[in-house]
Amino acid sequence: MRLSICAGILVLAVFASCDEVPAGHTVVTQCRCADLDECSVEIARKTDTCKKQPKCTAFLKQIGDADKIMACLDKDHEEMSKVEVCAKRKLNGELGCTNSATPVNMTVPLIPVIEVPSLTESGAVAEDVSPVHTQPQPPPQLSQYLMCIDECTHDDMDVIPGRKKRSPATCAFKLKCALAPPNEATQAAYTECQKELNFDPTKGAADSCKCLQAAGVDMKC
C-alpha cells in the first residue's frame, strides 16, 4: 500500500542564488548525508515509542486490531528499507543529500504540505519512488494514526519559518536543509534494486492490503 510519496518531489528544490529568490521561497543548503543519517537514527528511536502511544493507537482500534495493523506497517517498512539501503549503496549514499563538505545552496518553496505525513525516515512506513500505481485506499483513521505519530515524533522540531513540519522530508525540515529532487540516476537505482531483490511494488501493495484486511481493516484489495 502506497502511503508515502518521494520526499524530493515535495521539497521541489531548485538551484538559485540568494539574490534571485522568488516570492514564497527561501534559500537553504543541501542536506549532508552524514547529518541525515544521524538524524534518521534519532527519529526512528522516537517513532518506535510514538507509534505505540495510546493517543495514536486509538485511531487503529477504531478500524481493527491495533497490534496487527502495526505489524503490517512494520512489514511494509522492512521490505522497502531493503530497497532503500540497496539504492543508497548504488548512489554512494546520496539520496537527495550530498557527501560534499561544502553543500550548495538550494531554493525551496514555502508551501504547506497537506498530504498524509510520510514516516519514511522514522520507521513506520517506507519511501517508494516507483511509478504510481492504482492503490487500495485506506480508511481515514490510518491517516490520522500517521498524523498522530508525526506530531508526537516532531513535537520538539524547530522548522524554517513558513515551512510546515508535516512532510516526508522529516530530517531535512528538522535540520533546516534541502533535498535535491529525484533524478534519472535515483530512479534507475531503485528500479535495479527492486529487480535484484525481487520486489514488485504492485504485489507489495496487494500483500499490504491483504495484511490490513486480516487485521480487521475494511478495505477492498
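A few notes on this one:
- For residue 177, no residue 5 or more places off, or on another chain, has a built amide H under 5 Å of its own.
- Residue pairs, from the table 195/220; 52/90; 68/220; 55/210; 61/220; 46/75, whose Cα atoms sit over 23 Å apart: 195/220; 52/90; 55/210
- Theoretical FRET efficiency, 1/(1+(r/R0)^6), r = Cβ-Cβ of residue 220 and residue 58, R0 25 Å, to 0.05: 0.55
- Virtual spin-label span in nm between residue 105 and residue 65, 7 Å along Cα→Cβ: 5.6
Taken together, the values in this text are just the output of simple stated rules run on the coordinates, not laboratory data. Computed from a predicted structure; not experimentally measured. We place every Cβ from the backbone using ideal geometry, glycine too, and count neighbours over all the protein chains shown.
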